[in-house]
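Colleague: Below you'll find the structure I mean.
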Amino acid sequence: MVTISSNSGIATVDLSGNGVGALTLSTNSFNFGDQRVGIATQTTVSVSNAGSGDLDISSITTTGSNFSSTHDCPASLSSGSNCTITIVFNPSARGIRFGATTVNSEGVPYIITLSGNGLAPTISFTPANLQFAFQAVGTTSSARSVTITNSGDLPLAINSISTTGDFSGTNDCGNSLAVNATCTVNVVFSPSGL
């Protein structure tokens with residue numbers, strides 16, 4: 001309380017506040033940036049006790065799709081010591097992900113906000129299927145084309161392109177298709193029987 005005594009009388013102001021411990025984090029946020037889908041990356045965050053007494057750590061949790069963590073922090077962090085949280089981002093799909101790691105100490109949540117962006121190639125075909133007209137046995141149709149497009153964020157690695165049955169084809173795709181690039185597969189139908 002603050003008391004002010006003046007020639008107009010006595011006035012008071014009530015005061016309140018909450019003390020917090022001396023726990024500090026080496027960062028309060030971390031952006032993993034662009035990361036290929038299915039490939040994990042990690043960072044470490046240092047938790048320190050800069051105070052004069054021990055700090056209880058009741059829990060360390062990580063939330064958010066594709067984020068996880070481990071730590072070596074004790075239940076009571078002694079004065080002047082630190083421990084480490086290892087946070088992992090392993091995107092399972094394309095797109096931006098958000099999460100958080102929360103350290104609960106002495107009833108206070110200390111939050112590290114997390115973000116990362118999953119990248120992957122995305123393959124599509126135009127048209128999605130080819131229907132050939134009737135073709136005489138022992139002859140070969142004219143070529144029909146399928147366009148392959150990579151609309152993802154990373155180059156598409158092409159291991160092979162093959163046909164089965166009475167169909168055969170050629171292509172100009174090579175073994176990699178850049179982002180937003182297209183290539184063409186030309187297919188012919190050569191029926192060997194009815």
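The values are calculated or read from the model by the stated rules, or taken from the named source; none is laboratory data. Just so you know, these numbers come straight off a predicted model, no measurement behind them. Cβ placement follows ideal geometry from the backbone for every residue including glycine, while neighbour counts extend to all protein chains displayed. When the accessible area is computed, the model is the full protein with side chains, heavy atoms only, and any ligands, DNA or RNA have been set aside. Shrake-Rupley method; radii C 1.70, N 1.55, O 1.52, S 1.80 Å.
Colleague: Determine which single condition GLY116 fails, assuming it passes every other condition in (1) closer than 30 Å to SER59 by Cα; (2) more than 20 Å from the chain's Cα centre (by Cα).
Modeller: All conditions pass for GLY116, except number (2).
Colleague: Here are the criteria: (1) open to solvent by 50 Å² or more (accessible area, probe 1.4 Å); (2) of a type outside the set (Asp, Glu); (3) out of contact with any Cys (no Cβ under 9 Å at 6 or more places or on another chain). Tell me which single one PRO191 does not satisfy.
Modeller: Here PRO191 meets the rest and fails (1).
Colleague: Right, something else. Does segment 23-34 contain at least one residue that is in contact with a Lys or Arg (Cβ under 7 Å, 6 or more places away or on another chain) and of a type in the set (Ser, Thr, Tyr)?
Modeller: Looking through segment 23-34, none of the residues is in contact with a Lys or Arg (Cβ under 7 Å, 6 or more places away or on another chain) and of a type in the set (Ser, Thr, Tyr).
Colleague: Take the residues of segment 137-153 that are over 20 Å from ALA178 (Cα atoms), of a type outside the set (Ser, Thr, Tyr) and touching a strand residue (DSSP E or B) at 6+ places or on another chain (Cβ under 6 Å): which is surrounded by the fewest Cβ atoms within 10 Å (Cβ to Cβ)?
Modeller: Of everything passing the filter in segment 137-153, ALA143 is surrounded by the fewest Cβ atoms within 10 Å (Cβ to Cβ).
Colleague: Determine which member of the set THR102, THR62, THR84, THR70 is open to solvent by 70 Å² or more (accessible area, probe 1.4 Å), assigned to a strand (DSSP E or B) and out of contact with any helix residue (DSSP H, G or I) (no Cβ under 6 Å at 6 or more places or on another chain).
Modeller: Unique residue meeting the criteria: THR70.
Colleague: With the checklist (1) open to solvent by 30 Å² or more (accessible area, probe 1.4 Å); (2) out of contact with any Ser or Thr (no Cβ under 6 Å at 6 or more places or on another chain); (3) among the aliphatic types (A, V, I, L, M); (4) within 29 Å of ALA157 (Cα to Cα) in hand, flag the one item ALA120 doesn't pass.
Modeller: Here ALA120 meets the rest and fails (1).
Colleague: Another question, if that's okay. Over 27 Å from GLY95 (Cβ atoms) and out of contact with any Asp or Glu (no Cβ under 9 Å at 6 or more places or on another chain), is that true of LEU194?
Modeller: When the stated conditions are applied, LEU194 passes them.
Colleague: Right, next: Quick check on my filter: what residues within segment 129-151 are of a type in the set (Gly, Ala, Ser), in contact (Cβ under 8 Å) with a residue 40 or more places away in the chain and out of contact with any Ser or Thr (no Cβ under 6 Å at 6 or more places or on another chain)?
Modeller: Scanning segment 129-151 gives ALA136, GLY138, SER141, SER142, ALA143.
Colleague: Considering only residues that are of a type in the set (Val, Ile, Thr) and out of contact with any Phe, Trp or Tyr (no Cβ under 8 Å at 6 or more places or on another chain), which ones fall in segment 90-132?
Modeller: ILE96, VAL108, ILE111, THR122, ILE123, THR126, listed by residue number.
Colleague: Which numbered condition in (1) under 30 Å from GLN35 (Cα atoms); (2) open to solvent by 60 Å² or more (accessible area, probe 1.4 Å) is the only one that PHE134 fails?
Modeller: Of the numbered conditions (1) under 30 Å from GLN35 (Cα atoms); (2) open to solvent by 60 Å² or more (accessible area, probe 1.4 Å), the odd one out for PHE134 is (1).
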